[in-house]
Every structure is written in C-alpha cells, then in structure tokens.
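K.L.:
Here it is: the structure, laid out below.
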Amino acid sequence: MGPVQIVATSVAAAITVVAVALVVRTVRRMLAVVRLGQPDPSRGGDRAQRLKTMLAETLGHTRMLRWTVVGAAHWFVMIAFIALSSLVLEAYFEVAVPDHGLPLIGGWSLYGLLTEWIGVLGFIGILVLIGIRLRNLPSNPERRSRFTGSTMWQAYYVEYTILAVLLCGFFIRGFKAANDTLEWPVWAAPVSHALGGVLPASAAAVSLVAMVKIIVSMTWVIVIASNITMGVAWHRFLAFFNIYFKRSPGRKGSGLGALRPMTSEGKPLDFEEADPEKDQFGVAQVEQFTWKGMLDFTTCTECGRCQSQCPAWNTGKPLSPKLLILNLRDHAYAKAPYLLAGGGKTLTGDEKATQEQLAKVDVLALAEAERPLIGGVDENGVIDPDVLWSCTTCGACVEQCPVDIEHVDHIVDMRRYQVLIESNFPTEAGVMLRNLENKGNPWGAAQSTREDWTKGLDFPVPNVADGGDFEYLFWVGCAGAFEDRAKKTTRAVATLLNEAGVSFAILGQGETCTGDPARRIGNEFVFQMLAQQNVETLNEAGVKKIVATCPHCFNTLANEYGQLGGHFEVIHHTQLLAQLVSAGKLTPIQPLDGAVTYHDPCYLGRHNRVFAPPREVLGAVTATADGAADGAGLVEMDRFAERSFCCGAGGARMWMEERIGKRINVERVEEALSTGAKTVAVSCPFCLTMLGDGVTGKKAAGAAPDDVEVVDVASVLLRAVQK
Ligand code: SF4
Ligand code: SF4
C-alpha cells in the first residue's frame, strides 16, 4: 500500500466509524419514538400477504408507476440506490488496493454489466427527478406545487448525493480502465471503458476517487443520522416496514373503505363499559396514536402527491395531508424527550428516578409537551381546527401515497376526541348529530315518511315485514328516502329492478341511517348505536344480499358492519344494473342525447374500486341498439377513476358550512362542464346534490348551458329502457 492509499484508507475508515456510530444511535432513538405509540395488534399476522404486497409496492413500484415518468425515474433511482450499497462496499477495497474490486462476485462480467447499466439509468433517473422538482418549485406562482411546505434542501441534498456517488463510481471504473485493471470486458462496461479512453492512467486516482465516494456516502449517513425527521432520506429504509404493516394488505387498490375501529390500549372500545377517566377516546395527545401512526409520520417522504390530489388543498383550504403528517411528525419528535423521560404519566411520590429524569428534559421538549394537539394559532396548537374539519375523507391522499400512510384514520382519530370528549366541532353539524340520535336520519324527517317515495309507482314495493321471500334487500338510505332529488334515483332503481324481474324488498320504517356521517365526523358512540340496531334488524330479517344506491351506505354495510357482527354481500345499484343490462334483462333502446361524463363518487370508486359498472351502463345507453345520437358518448374528466375529485360532501362535510376557499363542488362542476357533456352522471345521492347545486349556480350565473343536467346513472338507464 502506497502513501496515497494509506491516507485515503485512514480517512475512509475514520468517517465510516463516526457515521456508523451516529446512525446506530439515531435508529435506536427512532425505534423508541415509534414505540411511544399505542399497541395495534391488527398489524400482525398474514405475513405472506404482507410480504407479497410489500415486494409488489417496493420492487414492483405499483403505486409509484401510476405517475408514469416520475415512477419510472424513481424505480431506476431506487434500484441504483440498492446497487450503490455494493458499489460503496467495493470502494472500501479500491481505496486500499486500486487494482482490486469486490471479492467473490466483483470479477463476474454479469455483475459488471448489471451495475454499469443500473448506474447509467439511475443517473438519468435522478436527473429527471431533479428536473421535475425544479419545474415544480413552490416559489413558482403559476403552480400550486406539490412541494409547497416540503424541506427542499433535504431533497436536493439526497438527489445530488446519489448523483455524486454514481459519478464517482464511473470515474473509479474509468481510471481502472485507463490503468488496464478494469475487471470486465468492453461489452459489459462500455461507458466505463469509454471514460477510460479519455482519462490518464493513475492508480492513486482510483484510491482518491474511492475515498471521495466514501466521504460523500458517509457524510450523507451522518447528515441523515443528525436529522431524524429527514423523511426524504429515511423513507429509503422505512418504506419497506411501513408498507409491510399497512392495514388490509390484501385489499385491492389502496382505498381504505372501512375506518379503523376505536381502540383503547389496542383493544376495541366498548362504550357500555368504557371509562372516560381510564380509556382512550380518540386522540388528544400525539402519543395516543398507534405505533403505526408514529411510523407513518416518520416515513413521509414529503413528496406531496397527497397534497396535489387533496380537494381541500386544491380549493384553498388550510388542510394539506402532507403538512398534517409533517406537523404531527415534528411535534412527536420534539415532544419525545419529555415522553421518553416518563412525562405524560401520573407520577406517584415513589417515582424519584422519573422525576429526576424529567428535571433534565430540554426546555424545548417541555414547551412542546404543553402544546395542544388541536388548537388555533393563538393556542399554539399542532393542528388547526380548520385543518381537521376541512377533510372530506375522500381518501385521495391515501390512494396516492407511495409509502401507504393512512391519513384518514389519523384525522378521524383526532376528530373522535374533539367530538366525544370536548364537544368541539362545527356547530352546524350538531343538528345532524341530534337528528341521528333522535330521529335516526340526518335530516330529522319523520320515520313514518320513509316509504313516501313509493307513492305513485305503478307496482307494489315489497316490504320485508310482509314476510315474502326476496333475493335482495334494497337499502334505500336516508337521502334516498327523504331528499327529493335522491328519491328520483330510488324510484328509478326500484322500477328497473321490477322491470328486470329482480326479487327485492325494503325495510321501510325498519331502516335507520347506517351511521356513516356520525362515524366520519368522529361520533363513534352514535355510529355504534345506529349500526347495532341495523345489524340486529338485518340479521332478524335473514338478509344475505343487499343492494344500495348510496356509496356511503354501501361502504358502511359492506366494510364496517362486519366489525359489529353484520356480514352481508353488498352490491351497489350500478353493479346490479350493469349485470342486468349485460344479461339482457334491461335493454336500452332510447339513445342518450349528447355526450355524458361520469363523476366517480369517492366511496364507490376510490374506497371500493367500483369503476367499471357505472361506465358499462352508460356505455350501453350511449350505444343502444337504435344507434347513438350525434355527439353521444362517454367523455372522461381530467380527474377520473382513482384520481377522481371529491364533490365535497364526504366526511360529514355535507352538514358543515364551507366557509374557506373555493367551494369544492364548484371546482368539480367546472371540470365536468369543460368536457362539453350535456349529462353529468353520478351514482351517489350526495354527489347528486353537490354537483346539482353547482350546476344550478353556474346556470344562474350564465356560465353553463341550460340543457346540462346532473342525474344518477339509474335515471339515465330508466329513460333509455322506456319506450
Ligand atoms: S381524505 Fe381527501 S380531503 Fe381528507 S386529507 Fe385526504 S385528500 Fe384531503
Ligand atoms: S404522499 Fe405520502 S409520502 Fe408523499 S407527502 Fe403525502 S404523506 Fe408524505
């Protein structure tokens, strides 16, 4: 070993020792913070499925590839990052013995070929990612950048480090080629050999560049070890775990569907026996999130995909799902020293050691511990109430998140405490909750009028109470029974089922609200009360199959009633109608006049993956046996299917005023009108109301043609099948 190699090796060894010591300390601290979260037994089990999902989402990049260019570039960078580990290891040999490489596999041409091309494609990939970031700078006033609020220097630092390490790798190989010591032939390492053609022969240069490569890599390790909340770097390691422990790993798509049930110390909360003094009612302190919540906060890469899709953020509300997660992360890590010293627990006189530890806690951590989790600027709260109540629970954030962060669960957990313990929620929603408790529906309509929608139909609608057999229980829903526009859908569905000879019955006055709005606003108590009553009614009636017109009812009946002992096969009316059309039991004969666009309701589409059936029905209507009318056909909006934009009514927002920013329904209606379609088809009573109101407003302002209408898919089909 010459003097250059001795110096280079000593420097590389010294910085590596420091980096390893720091990173071990940081990982231990990170684990301690994650463990501050509450137990969550639901994250165990199903290991094979979890592993499969994790591998598909990481190595297969199934989530990221939805963003085609970014996804492909990120895939190459990820693979290059994994390969970089072996290349950095290789540098430890090259720094000491310049004509040597990695032992065992280092001499294989296949190894040379793979690392060469991964290096080239990773290099291009990282340039693409840097370019995309530069084009979407938060400072660019033309765009509402997905990077707004992200810590930009950290992202640049990570990106330029990868670039520098890849460059070092090629220069090492280039110098080796110039020295005629490169292990691989030209066909396996063409770029390195080409570089070697222009570089001078120098063994010292190999050792020095290898030393630079190790310094750059270990400095990166030291920087991330010193910045425990640097998600843009840590996600490279944490994403595997966060995805592995996601809830419902086998569920198709990434929509959450059901909400996580309320738990206290990892056990389901039983309201009949719960004690507000001892049990946890939602989340009031950051350490009351589960450990998976803590892992979520730590894993966020700050990519802003969630933010870019959020209807609240896109219409000027203060809620950004990314900033919500980042605020919770920063708060959790700033408060952690206080919690790890035993803070937040009731101390008895004997816990002297804890008291002594607490006395040593940093003043900043003590100040952080004083902050309320939910509170306005004047209270120095971590999450502003306007942020909390702006969420429509549409699930766009969860759908887009490449590392499977579960924003909606965290938002609803915080709402639960505010509603159940603090009674602190938008006042106008109180009327809805009172109506649910007293009348069993959010509008406060008399239960005796639940079957009024059947009046005037030219066939009798069977009631379960009549005692006859039926295949489907037609779940009408509160909107379908009481809201005038939704009642038209209910009548259309009943008429179509009757025409197609489907055996069905309704519960009539035996039906009450499923409890969806109560659950989404955070009132789990009212939800459980209504849900238990419905499960009892349905089980007593021997119901096996349910057809529902409201996606919120559909989601609750299909995905949430199982938590309370109600197991049913639930189908949405658009699914059943598509089956009936396909089976020839309903035949559209009247072609639709003009083009139609379809708005995917969040709880049918994103949360439950029902995208095709409504389109199949509309497709049949626009291409009837009698031919299509001029200009007819289905035209999609810019944001459709998984990326559909909420109407603004979910998450109990239907019963809250929208005082901040642009109205979400107006934003969506403008998108629908821009397609030029005469018919805006929906398949949810809330979407019908929200988009209907939006179009009415536009017509009044002269901004929409008079003949545009918002109508349910069932009503479109009914018109088409009637002679
Ligand atoms: S659920 Fe929808 S509204 Fe709520 S934070 Fe996520 S994207 Fe935004
Ligand atoms: S999409 Fe996920 S990782 Fe990206 S900023 Fe949002 S929460 Fe963080």
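The values are calculated or read from the model by the stated rules, or taken from the named source; none is laboratory data. All of these numbers come straight from a predicted model, not from anything done at the bench. Cβ placement follows ideal geometry from the backbone for every residue including glycine, while neighbour counts extend to all protein chains displayed. Heavy atoms of the whole protein, side chains included, go into the accessibility calculation; ligands, DNA and RNA do not. Shrake-Rupley method; radii C 1.70, N 1.55, O 1.52, S 1.80 Å.
K.L.:
Name the residues in segment 620-666 that are outside any loop (DSSP other than H, G, I, E, B), modelled with pLDDT under 95 and open to solvent by less than 30 Å² (accessible area, probe 1.4 Å), would you?
P.N.:
Selection gives A620, V621, T622, G633, A641.
K.L.:
Quick check: is even one residue across segment 582-605 among the basic types (K, R), open to solvent by 10 Å² or more (accessible area, probe 1.4 Å) and closer than 30 Å to R668 by Cα?
P.N.:
No, segment 582-605 has no match at all.
K.L.:
Another question about this same structure. Read through the list (1) within 16 Å of ligand 1 (Cβ to nearest atom); (2) open to solvent by less than 10 Å² (accessible area, probe 1.4 Å), then give the number of the only condition that A233 fails.
P.N.:
Only one criterion is unmet by A233, namely (1).
K.L.:
Out of A56, A19, A80, I need the residue that is in a helix (DSSP H, G or I) and surrounded by fewer than 17 Cβ atoms within 10 Å (Cβ to Cβ). Which one?
P.N.:
A56
K.L.:
Just for segment 103-136: of the residues that are surrounded by fewer than 20 Cβ atoms within 10 Å (Cβ to Cβ) and of a type in the set (V, I, T), which one is farthest from Y157 (Cα to Cα)?
P.N.:
I105
K.L.:
Then there is this: Test S226 against the criterion of being under 16 Å from V20 (Cβ atoms) and among the hydroxyl-bearing types (S, T, Y), and give yes or no.
P.N.:
It is true that S226 is under 16 Å from V20 (Cβ atoms) and among the hydroxyl-bearing types (S, T, Y).
K.L.:
Shifting gears a bit: Taking segment 508-533, which residues are closer than 20 Å to G650 by Cβ and touching a strand residue (DSSP E or B) at 6+ places or on another chain (Cβ under 9 Å)?
P.N.:
Answer for segment 508-533, where residues must be closer than 20 Å to G650 by Cβ and touching a strand residue (DSSP E or B) at 6+ places or on another chain (Cβ under 9 Å): just T514.
Here is a yes/no grid of residues against (1) open to solvent by less than 10 Å² (accessible area, probe 1.4 Å); (2) under 19 Å from the mean Cα position of the chain (by Cα):
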site: I243; (1), (2): yes, yes
site: E273; (1), (2): no, no
site: E287; (1), (2): no, no
site: W291; (1), (2): no, yes
site: D296; (1), (2): yes, yes
site: G304; (1), (2): yes, yes
site: C310; (1), (2): no, yes
site: N314; (1), (2): no, yes
site: D330; (1), (2): no, no
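K.L.:
When residues of segment 251-271 are filtered for being over 26 Å from L323 (Cβ atoms), touching an Asp or Glu at 6+ places or on another chain (Cβ under 7 Å) and either hydroxyl-bearing (S, T, Y) or open to solvent by 30 Å² or more (accessible area, probe 1.4 Å) (or both), how many remain?
P.N.:
Counting residues in segment 251-271 that are over 26 Å from L323 (Cβ atoms), touching an Asp or Glu at 6+ places or on another chain (Cβ under 7 Å) and either hydroxyl-bearing (S, T, Y) or open to solvent by 30 Å² or more (accessible area, probe 1.4 Å) (or both) gives 1.
K.L.:
May I ask you to list the residues in segment 295-324 that are closer than 28 Å to R35 by Cα, more than 9 Å from ligand 2 (Cβ to nearest atom) and in contact with a Cys (Cβ under 8 Å, 6 or more places away or on another chain)?
P.N.:
Once the filter is applied, which keeps residues that are closer than 28 Å to R35 by Cα, more than 9 Å from ligand 2 (Cβ to nearest atom) and in contact with a Cys (Cβ under 8 Å, 6 or more places away or on another chain), segment 295-324 yields only L319.
K.L.:
A further question on this structure: How many of the residues making up segment 139-150 are open to solvent by 50 Å² or more (accessible area, probe 1.4 Å) and either in contact (Cβ under 8 Å) with a residue 40 or more places away in the chain or not hydroxyl-bearing (S, T, Y) (or both)?
P.N.:
Within segment 139-150, residues that are open to solvent by 50 Å² or more (accessible area, probe 1.4 Å) and either in contact (Cβ under 8 Å) with a residue 40 or more places away in the chain or not hydroxyl-bearing (S, T, Y) (or both) number 4.
K.L.:
Here are some conditions: (1) within 16 Å of ligand 1 (Cβ to nearest atom); (2) over 25 Å from G566 (Cα atoms). R260 meets all but one. Which one does it not meet?
P.N.:
Result: R260 fails condition (2) only.
K.L.:
Another one. Could you check, for segment 324-342, whether at least one of its residues is part of a loop (DSSP other than H, G, I, E, B) and within 11 Å of ligand 1 (Cβ to nearest atom)?
P.N.:
Within segment 324-342 (the criterion being part of a loop (DSSP other than H, G, I, E, B) and within 11 Å of ligand 1 (Cβ to nearest atom)), the answer is no, since none of the residues qualifies.
K.L.:
While we're on this one: Which residues, counting only those in segment 691-714, are open to solvent by 20 Å² or more (accessible area, probe 1.4 Å), in a helix (DSSP H, G or I) and in contact (Cβ under 8 Å) with a residue 12 or more places away in the chain?
P.N.:
Within segment 691-714, D693, G697, K698 meet the criteria.
K.L.:
Every residue in segment 420-437 that is surrounded by fewer than 19 Cβ atoms within 10 Å (Cβ to Cβ) and farther than 26 Å from D275 by Cβ, please.
P.N.:
P426, T427, E428, V431
K.L.:
Which ones in segment 293-313 are within 16 Å of ligand 1 (Cβ to nearest atom) and hydrophobic (A, V, I, L, M, F, W, C)?
P.N.:
Result: F297, C300, C303, C306, C310, A312, W313.
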